[in-house]
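These notes concern the structure reproduced below.
The values are calculated or read from the model by the stated rules, or taken from the named source; none is laboratory data. Just so you know, these numbers come straight off a predicted model, no measurement behind them. All Cβ positions, glycine included, derive from the backbone under ideal geometry; neighbour counts span all protein chains shown. Protein only, heavy atoms only, side chains kept; ligands, DNA and RNA dropped before computing areas. Shrake-Rupley method; radii C 1.70, N 1.55, O 1.52, S 1.80 Å.
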Amino acid sequence: MTQTPAPRPEASGNMSGPILVGVMPGQHAIVVEQAAQVAARAGLPLVCAYADVTVYPVDGTTGGPAAPIDPDGLDETQRIPESLMANIAEQLAGRNVEWSIVPLAGEPARALAREAGDIGASMIVVGTREHNLTAALKELTAGSVARHLVHRQDLPVLVVPVNPRVPDDDDDD
């Protein structure tokens with residue numbers, strides 16, 4: 001089966017596909033807020049994508065059939081945490097943007113890249129990690145979703161700093 005490649009943002013800078021934003025529980029609100037602002041200004045829909053790392057894509061897609069890594073640890077009826085859906089709905093209430101949320105399966109950077117291609121996204125929006133030991137260990141072992149996307153995408157990737165570290169004057173040395 002031959003698939004037609006998804007349309008890409010035009011060279012003129014006009015965007016036509018939705019804005020795709022990676023979301024996760026406990027994420028800083030600024031990531032979704034910035035993505036919603038970009039989508040609203042461009043008059044495009046916003047697609048919030050939650051990548052569940054406890055499942056893997058069975059058929060190579062992101063939103064299609066998925067199988068649990070641990071068959072005893074997954075409730076098949078709920079792939080997007082209720083708290084995440086409620087937070088996003090609250091954040092986007094009253095904003096002038098059409099939005100939806102989709103479940104993805106597998107490693108977040110790959111899942112977001114596949115979904116972006118599948119929906120013809122104009123841009124991918126992700127947040128940075130916290131500046132703490134847990135985040136540093138995760139980045140060391142798994143890498144950064146933002147870094148993977150920036151280096152392996154032909155789409156624009158907007159990386160929203162969630163708690164930027166302002167260097168001291170001593171950091172210039």
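Tell me, which residue of the stretch 105-120 that is among the aliphatic types (A, V, I, L, M) and closer than 17 Å to residue 148 by Cα is surrounded by the fewest Cβ atoms within 10 Å (Cβ to Cβ)? Among them, the one singled out is 113. Selection of the stretch 105-126 for residues being in a strand (DSSP E or B) and at pLDDT below 90 yields only 105.
Restricted to the stretch 79-100, and to residues that are among the aliphatic types (A, V, I, L, M) and closer than 16 Å to residue 34 by Cα, which residue is most open to solvent (accessible area, probe 1.4 Å)? So, considering only residues that are among the aliphatic types (A, V, I, L, M) and closer than 16 Å to residue 34 by Cα, the one most open to solvent (accessible area, probe 1.4 Å) is 93. The set of residues in the stretch 43-72 being surrounded by 15 or more Cβ atoms within 10 Å (Cβ to Cβ), at pLDDT below 95 and farther than 16 Å from residue 112 by Cβ consists of 68 alone. Only a single criterion out of (1) modelled with pLDDT under 90; (2) assigned to a loop (DSSP other than H, G, I, E, B) is not satisfied by residue 141, namely (2).
Does residue 129 satisfy the criteria of being modelled with pLDDT under 85, open to solvent by 40 Å² or more (accessible area, probe 1.4 Å) and over 13 Å from residue 48 (Cβ atoms)? Please lay out each step first, then the result.
Values: modelled with pLDDT under 85: yes; open to solvent by 40 Å² or more (accessible area, probe 1.4 Å): yes; over 13 Å from residue 48 (Cβ atoms): yes.
Yes: the conditions hold for residue 129.
Among the residues of the stretch 1-36 satisfying the criterion of being surrounded by 15 or more Cβ atoms within 10 Å (Cβ to Cβ) and polar (S, T, N, Q), which is modelled with the lowest pLDDT? Of everything passing the filter in the stretch 1-36, 27 is modelled with the lowest pLDDT.
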